[in-house]
Amino acid sequence: MSATGISETVQYLTFKLDEEIFALDVAKVREILEFTSITKVPQTPEFMRGVINLRGSVVPVIDMRLKFGMSATEQTINTCIIVVEVRMEDETIVLGALADSVQEVVELEPEQIEAAPHIGTRLNTDFIRGMGKLDNRFIMILDIDKVFSDDELATVQGQQVSA
């Protein structure tokens, strides 16, 4: 077993936020959408950009750049929404993750992945599954189930119900 707890080759969808490359386990990704109009929902956290209609279902859209303390995502030709499934306690929540662009699907062997860095005690890096090494660059592999707190997911889930 590797230091990251990842013991088999996994496929990851890579995407860009600003100049950084992030990755998600493809098993968590439902689909990738072109940027579409997002309906703003009042009194939600800043990183929650609003909701979209996905074939009749209300799907909350999260600006991943804002969630990670970056500037808001600017809409370009490459801006997209990655529709993911996130586990919250006993249920699965579908949400859209706004990204600057989707890169590619890559396969990483366990030996290509190092444990997430520990950056002091005050910074929570639990949402980083590991640091993948590919072509002399690092890819931050996210654990999408840990990117959002239970309170944040409850807020998002409330938008799905009330919209």
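FYI, it's all coordinate maths here, none of it is from the lab. Owing to the predicted nature of the structure, the values given are computational and were not obtained by experimental measurement. Positions of Cβ are backbone-derived with ideal geometry, glycine not excepted, and every protein chain shown enters the neighbour counts.
Some values worked out for this structure:
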| read-out | value |
| --- | --- |
| Most fluctuating residue given options Asn78, Asn53, Asn136, as computed from a GNM of the chain linking Cα atoms under 10 Å | Asn136 |
| The chain: angle of helix 150-162 to the longest principal axis, Cα-based, in degrees nearest 10 | 40 degrees |
| Given charges at beta-carbon only (K, R positive; D, E negative), |dipole| of the chain in Debye | 420 debye |
| Gained length - Leu33 relative to Asn78, 0.36 nm times residue gap less alpha-carbon distance | 15.2 nm |
| Whole-number Å³ per residue for the convex hull built on Cα positions in the chain | 130 Å³ |
| Full-stretch length increase - Met88, Arg55 - with 0.36 nm per residue and alpha-carbon distance subtracted | 9.6 nm |
| Top of Val106, Val86, Val29 by mean-square fluctuation, Gaussian network on the chain, Cα under 10 Å | Val106 |
